[in-house]
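A.B. asks: Take a look at the following structure, please.
Taken together, the values in this text are just the output of simple stated rules run on the coordinates, not laboratory data. This is a predicted model, so every value here is computed, not measured. Neighbour counts are summed over all protein chains in view; Cβ atoms, including those assigned to glycine, are modelled from backbone coordinates with ideal geometry.
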Amino acid sequence: MAQKDAANGNGATTRPPPTPSPIRFSKFFQANMRILVTGGAGFIGSHLVDKLMENEKNEVIVADNFFTGSKDNLKKWIGHPRFELIRHDVTEPLLVEVDQIYHLACPASPIFYKHNPVKTIKTNVIGTLNMLGLAKRVGARILLTSTSEVYGDPLEHPQTEAYWGNVNPIGVRSCYDEGKRVAETLMFDYHRQHGIEIRIARIFNTYGPRMNIDDGRVVSNFIAQAIRGEALTVQKPGTQTRSFCYVADMVNGLMKLMNGDNTGPINIGNPG
Ligand SMILES: O=c1ccn([C@@H]2O[C@H](COP(=O)(O)OP(=O)(O)O[C@H]3OC[C@@H](O)[C@H](O)[C@H]3O)[C@@H](O)[C@H]2O)c(=O)[nH]1
């Protein structure tokens, strides 16, 4: 209720703060999990957000710098009361109160991560440090999307999680391969030293709707070339193999890993 401000004697009135809308209380009452998705505007990230948003008890915060991600991938959620989108680069600290962190932020297609390799390794190392710092501060569980590329040019086929890999530390892919390897190390060191709850997924070559047509990875390249009636570009040596995974299966795997008891690292791909 408005009342005269007697103390300053100037006749000004002070108002009590407005009563929050009952809708606001009901929103927080219902939500039992606030989840941060870094890189949530990207290809896999946006599908993960769609799945998380299906659960009415989840609130989802996306942090993305839109280097390879796009607001378009999230347009159906913009303005939704359980959703927030922040333009943010994970190489800078982020202060939010969350229960879980899916840390996906990093360009994943070789042509994009090799474009600015110093930035790629900063994203993997400083970005993961920042997210681990956040997880430690708020007590959140954190899942890192690592990569099959931690196996490098593997000398074992297929690669199990016990294989330590064969990675060139100075090659053109090292910014990503070694960046993700350091990110995995940081995850385990925070887990051992600070008791942070961690999960590590090693993602294999994933395809599906919302891949950029110019993503550069083999599945989207071949489809785009076929549509244009062009020859498919099989790169040398032509004998390389990959495990391909459909994006919906990848998202299911990531959520099962996050909500299960296994820290990983765990390969998510296709055994075939
Ligand atoms: O047009 C093309 C594109 C790619 N390729 C070949 O196809 C293979 C797959 O290459 P991609 O560019 O799809 O990507 P990669 O499998 O090397 O890495 C990808 O999958 C694993 C993820 O963890 C990585 O983040 C992602 O970049 C490579 O051997 C490449 O030389 C072609 O033959 N033609």
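A.B. asks: Can you list residue pairs whose Cβ atoms sit under 6 Å apart, with the first residue in the stretch 198-221 being free of Cβ contacts under 8 Å to residues at least 60 places away in the same chain and the second being of a type in the set (S, T, Y)? Count only pairs 6 or more apart in sequence or on different chains.
C.D. replies: Final answer for the pair search is V219/Y207.
A.B. asks: Additional query: Looking only at the stretch 147-173, filter to residues that are touching a residue at least 12 places away in the same chain (Cβ under 8 Å) and small (G, A, S); which one of those is nearest to the ligand (Cβ to nearest atom)?
C.D. replies: Step by step, filter the stretch 147-173, then rank; the result is S148.
A.B. asks: From the residues in the stretch 222-247 that are within 11 Å of the ligand (Cβ to nearest atom) and in contact (Cβ under 8 Å) with a residue 24 or more places away in the chain, which one is farthest from V37 (Cα to Cα)?
C.D. replies: Ranking the candidates gives T241 first.
A.B. asks: Output the residue which, of all residues in the stretch 81-126 that are of a type in the set (K, R) and more than 16 Å from the ligand (Cβ to nearest atom), is surrounded by the most Cβ atoms within 10 Å (Cβ to Cβ).
C.D. replies: Out of the qualifying residues, it is R82.
A.B. asks: If you go through the stretch 174-206 one residue at a time, how many are of a type in the set (S, T, N, Q) and either closer than 15 Å to R141 by Cα or away from the ligand (no atom under 12 Å from the Cβ) (or both)?
C.D. replies: 3
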